[in-house]
Structures are given as structure tokens and as C-alpha cells.
Amino acid sequence: HPEIEVFIRNTQRKYSRGEFSPLRKDGGPIDKKTSIMLLFMMHRQGVKIENMALAVLFFLVGLQPWALIMAVILGHQMFEGRKKKKVAGWFADEVKTVKSYYANATNDKAKHDILRNPVGAPIADGDFKEKEEEGEEKYDTVFVGSGPSTLFTAALLSRTGRTVLVVSPENDASGCHSVGQMGGVSKQTREKYSDVPFDIDSNNVAHTSRQQRLLAPALCSETDAQGGIRFSRIGTQADGFVSDILLIPGMGVDGRNDTHPFLLQAGGVTNIAIEAATFLGDGLPDEDGVGSSTSAGYLNACAGINATASEFYTSKLMKDQVNKMTKDSSYQEASVRYSSAFLDQVLPLNAHVRSLMAGIGMKGENLPPSKTSMAAHVTNICSQASEEGFTYPVGGPRALCHALASVIEQNGGKVVTGAKIKEFIFEKDANAKEEEKDTKSKDKPAQGGDPNKPRCVGVQLADGRTISVGADKDSCVVSMLGFIPTFIFHMSDDIRSRYGIPAGLPSLAERRPLLKILVGLRGTSEELSLTGADWYRLPNASIALDEKDEVTGQVKPGLIGAQIIDREESEEKNEEAESSEGTRGKRNKTASVPKKAKPVKFNGGSSWMKISFPSAKDPSWKERYSDISTCVVTVEADDDFVQMFDSSPKLFINKKPSSSECSRFIEKVEKELLNNFPQLEDKIDFCSMTGPLRKGLSQTPLRYAAKGVRPESPYPGLFMGGSDITVGDSFSGAMVGGWMAANAIINYSFIDHLYLEKNVTNDLSRFMKSPKHSGEDDVAVPFQQIAVEKLVPDDEEEDDEIQMPSAEYSKEE
């Protein structure tokens, strides 16, 4: 047809002139110098990397506008397709649904009775062999650790199709202790408290609605999105849901060594600001939330920094090459700075408010602001300033861990307890062994050891038995013990000295271990007037002695926690190296031995101390144990129990004190307990001590700057999880650390994390079947006085696949 012929000829002429080419014939629309200047300005203004890539294609490469639009459409389609697919490392076709751990319980009492049993099964003689042959491995993923974060991470991976084994060194995989583990207790007391759990860890939950979304993919059962687990708000409506009581020397009083309790209530920034105005002389907040309140302004500034925390922790899952292409977040920049500088700059005039913020920012470790990372400080501040306050799992950590362990077991895994670990097992594959033979004559690298590191293939128990995961590339071992125990105490000398430890770890320091004094009490929480709030004495936040220039009138802020700083400086001076040709144990390390001058001792009335009553936090406790209450007192282990070595990294070695020294120490702590809670006089059944317990790396800026503090270790097949990766002494921090480990094992790409919001919890939620609701709330641990209150705001987007339930709160009628 003539018209078709004309159209074809015109099309051919346009094609020959290059009009259909995706690239412009003469390059970009403007000259290259101008294009480079524009791109540089865009980069300085923080334009996202994907938009920068499109700008490069348009200005420098010279892509046609229609081709650019097509590229965007195709890229969007590819991303959406990837979002709906399972990434490499997933073995199952679909996520298996599980029954609730209490499915066979016929009544409330039966549900309560489950919680009298520890989580996991004691290790048996026939469980493992001294040496497993290749191909005999039953598990492809082995976890070493205890507590909710360990079981949460294991449950996530078990739902992806992995066969998971959890090896708990404790007798209860939930981390709770019982009277059976304690010495010096009478037979009668042992029988009375035989099945009573003592929650010795910090299991207070901040940002509960956020934690529910994180936990749901691991807990979801056939009948409930949260596996029946509920959380109860700490405190009562009468006291404003007080979660913490702080005693800070000099704060709110005239004498520098005097103290007055400061109550931290739920309700967010406004409540804290009003309390600071009432008791510390700060200004009052206005309707907008700040007004003349310096404390409200400081809390909001911390929230601004903490808003980019997820970017910082996500960067630990990506390669260094990718991180170099992205701009550092404000949280990352703050992480390598000391919190004291920020406190002095924002709160220069009111030393009492400055001490309060220092105390809130570092309750869990006796570390002054001049040594505390700003990252840990702002994270703790924002947890306390949450509108939701703090909550506690109903039934305690045992209920939560029973639910998680049930998921693991129903997916073909197992949880064994009482299994003491000797060391991790490493093995080189055939290719690496050949490379090692070829390079034997060459000099060994000075930094980081041999680059061809062996693969972690299992763990060896203290009794000589081994647990192997094999040398398959998808098999792995996950240590939830922390960096110091993993790479110093549970790694052989030969492996460590030859292949090195994670980058930056030698420059870090272990925090001083803790002693836990477990106290059994006669009577209920109401009878003993116990509080669910945690009681802290914080010398590390003691008031600073500000100086005022008489001429200029300018205030020079003093040092917060000066007593702690003086003690630590004295320790450092007394740790001058002494030549030591001997070795420490079998670790072939040379360390300077501290002199005995000015030892660290627990002093009543002044030393760092925490007192908590776990039974008063749990609304189901009274129905389960009618006339018993529990108390846990936490103090730092003094020099009678541990000795610090100025090694690389700095660490503590446990001593073996005599029974009389232990008894005297317990008496001192018991006296302190009664001084602060006199209503407990004649109500104590027993006091017993456990520890010293290692609690991870000290939260200094060096910890957050260390490149090696990340889930993926330098050794193939060995991953790290827990709060050492995030923020210490925090339930939320430990959970996020476990979540990071699960994502690192599945090996999501940076595109998944940055652009597709694709991760292990989102994928599980997407591929998991929604629970079938029977109309009644399926609760794991029944308790009285339930009032349901929605935590997630109406305008906040919820998951499409699994509908999150609102939290359960205990309120007085």
C-alpha cells in the first residue's frame, strides 16, 4: 500500500539518522564540565544514589528521555519481581505453619504448669559423638547461646527451611536461673523454690509495637500472629507506669554525695520534661512540647540523631565498597563521639538536668559520659522517651522462649541445655589447603593473619564430643556469646594467632563482669509493696561541679561521674606493663599484671547497683506462685572476683574467691537491699550469688568504629549475633542483633536492603499463611485484669499478610 510504503521509508530514514537509538548522537544535552558540576552539587545535597545514577545516564552517557523512562519502568518491574522471590539460601517451598506450644493445654492451670519447666532438653549421653563423620551431620545451623535473642534468631532461620540446633550452656535456654543452680540453700528452701524462675537479664521491652512486628514472623502460630505471647506494661496506672527509679549522687539535692530518687514514667518526652521541671529546676514544656524546657529540647535532639540508627546498623550487613558510596548517617557520625561533648554543648547551664540525661543514657553500664559512645546514649534516651513506656512479657522470658523453642522443634530443630562449649572447630577445604602449600614459603601478612581463613564447621563440647554442620557453603555456626568469649576464650591458640581476630577488636575493652544476687521473698508483690520498676544507683552520672568565670560570667561544665573517672584513671596508671615471660593458660598471650594498689571494691551506698523484682513485672505471677516473690540485685564484680588484664583486647579473668569471701559479699549486698527496701526485713528466704557473668564489650566510641564488629565474621561459616553488634544491656538491642545475624546468613544483597525493604522478617511475613482466628483471643499465659490498648497508631501502616495484634496491658480496675 502506498501509505504503508511511505511510512516504512520515513522510519528507515529516521533510523539511519539515529533517532531510534537509546543514546543521543551528540552525547548529553549539556557539555560534560557543566554536567559534572551539576552531579557534584546533587551529591553534596544528599541526592539518593539511584537518582544520581539516572542523572549520570542522562547528562554524561546521553540517554534519550524515552530510553530513560523505559529504563525506570524495566528496573521497577525487575525490583518488584525480585521482591516476590525467595533469595538464595532458602530451602523450603513454603513457610511451615506451627501449632502453639500450649496447644495441648486444656485449661489455664495447664498453661501455667508449662512455665514451671525450663526451656529445652538437657543434653544426653547419646546426643552427639566424639567425632561426626562427613555426611552424618543432622543440623546445618548451630547456635551457641541462651536467652530470647538466641531462640528468636534460631526460630527465624528454622522457618526458612534450615535444620537448627541451639546449644545452650545454661540449664534453661531462656536464660533464667533456678534454685537448683545455687549453692548454700537449705533442702526446704530448695523444694519451695525448685521450679521458680529468676529472670537475671534485662528483659524490659521498649518500643513494644515495633518489637511485636519484629517477633511476629518467628512466633506466628496457626491461631495467633504472636504465638499467644503478650506484653504487660511495667508499673501501674496509679504511679504513672514508672519503669525506672534513678538515684544519681548530687542530682536534685544540695550535697554532692546525697541522692533523691527520680521516677521515670511512661508518656514520652513531655512527662520526663515535667518531672525535670518539678524536681530539677528546668523550664516547663509548652503545647508544642519544648517551650523553655532544656530537657525536652535535648530529648528531641537525641530523637533526631536516633532516627538514622537503622541506616547505621543496616550498613553492617553490606560490603565496605557499598558503604563507601553512601553518605554517613548522623547516627554513625555520633557513634564515634563521646556523649559528654553533646551534653555540655546542649545543656551547659543546668548540671542537674545534665546528670539526669547522662543517667538515662547509660543505666546498664557503669560508664561515665566522657567514655560513652553517643550512639548508645541516644538509643537509650529514645527508648526511655517512648510514649509506650516499657513492657514485660507475660509469663516472663520463659513464656516467650517456650514459644520460640516450639517453632524450632516443629521445623525439625532441637534445643539442648547444659552443654558447655570448649571451642569452635575450623577446617580448610581442599582448594585452600593447596593454596596454603603454594604460599608456605612466602611471608605471612603482618595485619589480620592469613587471608585464607579456615571455615567454621562446628563446635567441640567440654566433654570432648563434637557437633558438626559440615563444610557445605550454606551451613554455619552462630555465636551469641559475644566477641570476647568467641574469639578469645573459645578459639584455639593456633587458629587465633595464625589467622587473626575481627578488625578493630584488639583496641576494644570488655565491660566489667557482673554479679547477680538472687533473693527469694515470702509474700506477694502487694503484700511486700514491691515495684515493677528497676532501681538504679548511678555514680557514673554523678553531678558535675561546674565552674563560673567571675569576669565573663561564662559557665564551664565540669565532669559528670567524676568519681568513676578518678577510679578508672587510677586503674590505668596501675596497669603499667611488667615483663611477663609466662603465658596465660594455653592462650600464648603476654599481658601486664595489675599492681594491687587501690583495688576496686563494692562500697555500700556509693557503688553502681541495680535492683529489680521480676515477679512484680509479670501480671500472671501471683496466679502461678501465690506466696513467693523474686528479687535480683546486680552489681559489678570487684577485684576479689575478677582481675583485669591490659591485653589486646582488654579483658577480665575470673578469680576463685573463698566461700567466706562470697558470704561476706552477699551480706553486704543484702544490707544494701534492706537499706533501700526496708519492708523486706524478715521476708527473705535466701540470698544466693551467681557470676561473674560476662556482658559483652564496653560501649565506647571505639566499639562502634570497629569494622569487625558486625554479624559476618572473618571466618567463613561463623556468624555473630546479640547485643555486642548493637546496644548492650537491651532486650531490643539483642533482638536486632539476632535479626542482623539472620539476614547476614541468608545473604541479602544491598539492593534488597536499601531499595526493596527485603529482609528475613518481611519475607517470612510475605510467604507465611495468616493465622486462623477463632474469634477469641488465643493467649499463652492467662492472667487477670486484662485491658487491651492499641499501641500502633491508626495512621501507621501494618503488614498486609500478618495482622499484628495490639499489646495486652495489666491495669488496676
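The values are calculated or read from the model by the stated rules, or taken from the named source; none is laboratory data. Note that the coordinates shown come from a computational prediction; the quantities given were computed from them, not determined experimentally. With ideal geometry, Cβ positions are generated from the backbone for all residues, glycine too; neighbour counts draw on all protein chains shown. Side chains are part of the model used for accessible areas, which takes the heavy atoms of the whole protein and leaves out ligands, DNA and RNA. Shrake-Rupley method; radii C 1.70, N 1.55, O 1.52, S 1.80 Å.
Once both labels are positioned 7 Å from their Cα atoms along Cα-to-Cβ, the gap between Q77 and S648 label points is 5.6 nm. The modelled label-to-label distance for the pair V346/A121, using points 7 Å beyond Cα in the direction of Cβ, is 5.2 nm.
For an R0 of 22 angstrom, estimate the FRET efficiency from the Cβ-Cβ distance between S626 and A110 and round to the nearest 0.05. For S626 and A110, the calculated efficiency is 0.80. Model label sites at S186 and E5, defined 7 Å from Cα along the beta-carbon direction, differ in position by 11.7 nm. Karplus-derived 3J(HN,Hα) values for segment 459-468, using 6.51 cos²θ - 1.76 cosθ + 1.60 with θ = phi - 60°, are 9, 10, 7, 5, 8, x, 6, 10, 10, 10 Hz; glycine and proline are entered as x. Evaluating 6.51 cos²θ - 1.76 cosθ + 1.60 at θ = phi - 60° for every residue in segment 715-723, the Karplus couplings come out as 9, x, x, 10, 10, 10, x, x, 6 Hz, glycine and proline recorded as x. FRET efficiency for the pair Y15 and V61, taken as 1/(1 + (r/R0)^6) with r the Cβ-Cβ distance and R0 = 30 Å, rounds to 0.90.
Antiparallel as a % of all DSSP beta bridges within the chain, to the nearest 5?
On the way: 56 of 78 bridges.
Close to 70 percent.
For M325, neighbours were defined as the other residues whose beta-carbon sits under 12 Å from its Cβ, and their charges (Lys and Arg +1, Asp and Glu -1) total +1. Close amide H pairs (under 5 Å, H built 1.01 Å from N) link L63 with R24, F58, residues at least 5 positions away or on another chain. Remark: segment 397-402, residue by residue, has Karplus-estimated 3J(HN,Hα) of x, 4, 5, 4, 6, 4 Hz, where x stands for each Gly or Pro and the curve is 6.51 cos²θ - 1.76 cosθ + 1.60 at θ = phi - 60°.
Taking all pairs of distinct Cα atoms, average 1/r, flip it, and tell me the Kirkwood hydrodynamic radius of segment 654-723 in Å to one decimal place. Don't skip to the answer; put the middle values down first.
Working: mean 1/r = 0.0609 Å⁻¹.
Result for segment 654-723 stands at 16.4 Å.
Considering segment 389-432, its Cα convex hull presents a mean projected area of 6.9 nm².
Do you know the relative contact order of the chain, to the nearest whole percent, from alpha carbon pairs under 8 angstrom that are 6+ apart? It would help to have the intermediate numbers written out before the result.
Values: 1595 pairs, mean separation 158.3, N = 813.
Relative contact order for the chain comes out at 19 percent.
Close amide H contacts of S492 (hydrogens built in the peptide plane, cut-off under 5 Å, sequence separation of 5 or more or a different chain): F424.
The gain in end-to-end length when the E387 to E50 segment is fully stretched comes to 117.8 nm, 0.36 nm per residue minus the alpha carbon separation.
Rg to Rh ratio, segment 630-755, alpha-carbon atoms and Kirkwood radius?
Radius of gyration over Kirkwood radius for segment 630-755 works out to 1.11.
Compared with the dominant principal axis of the Cα atoms in the chain, helix 2-16 is inclined by about 60°.
Taking the helices alone, the chain has a mean residue ellipticity at 222 nm of -10000 deg cm²/dmol, built from -39,500 (n - 2.57) per DSSP H run of at least 4 residues and averaged over all its residues. For N675, the shell of other residues with beta-carbons less than 14 Å away shows a net charge of -1, using +1 for Lys and Arg and -1 for Asp and Glu.
Compared with the alpha-carbon gap, the fully stretched path from N257 to E287 is longer by 7.2 nm at 0.36 nm per residue. In this entry, segment 249-359 is assigned a mean projected area of 8.5 nm², taken as a quarter of its C-alpha convex hull surface. Electrostatic bookkeeping for G721 treats Lys and Arg as +1 and Asp and Glu as -1; over the other residues with beta carbon under 13 Å from its beta carbon, the sum is 0.
Does a label point 7 Å from the Cα of D328, set along Cα-to-beta-carbon, have any residues of segment 697-723 with amide nitrogen under 14 Å, and which are they? Only 701-707 pass the distance filter. Let's test the formula: R0 of 30 Å, r as the Cβ-Cβ distance of Y755 and S507. What FRET efficiency results, to the nearest 0.05? Approximately 0.30, to the nearest 0.05.
Length gain on complete extension for the stretch E222 to A301, per 0.36 nm per residue less the alpha carbon to alpha carbon distance? Working shown, then result.
Details: separation 79, 0.36 × 79 = 28.44 nm, distance 4.30 nm.
Gain on extension, E222 to A301, equals 24.1 nm.
Between amide H atoms placed 1.01 Å from N, distances below 5 Å from N171 occur with G418, all of them 5 or more places distant or on a separate chain. The angle separating the long axis of helix 294-306 from the principal Cα axis of greatest extent in the chain is about 50 degrees. Protein heavy-atom accessible surface, 1.4 Å probe, per residue over the chain: 46 Å². Tell me, what % of the accessible area of the chain is carbon and sulfur with a 1.4 angstrom probe? Ligands and nucleic acids excluded, carbon and sulfur reach 50 percent.
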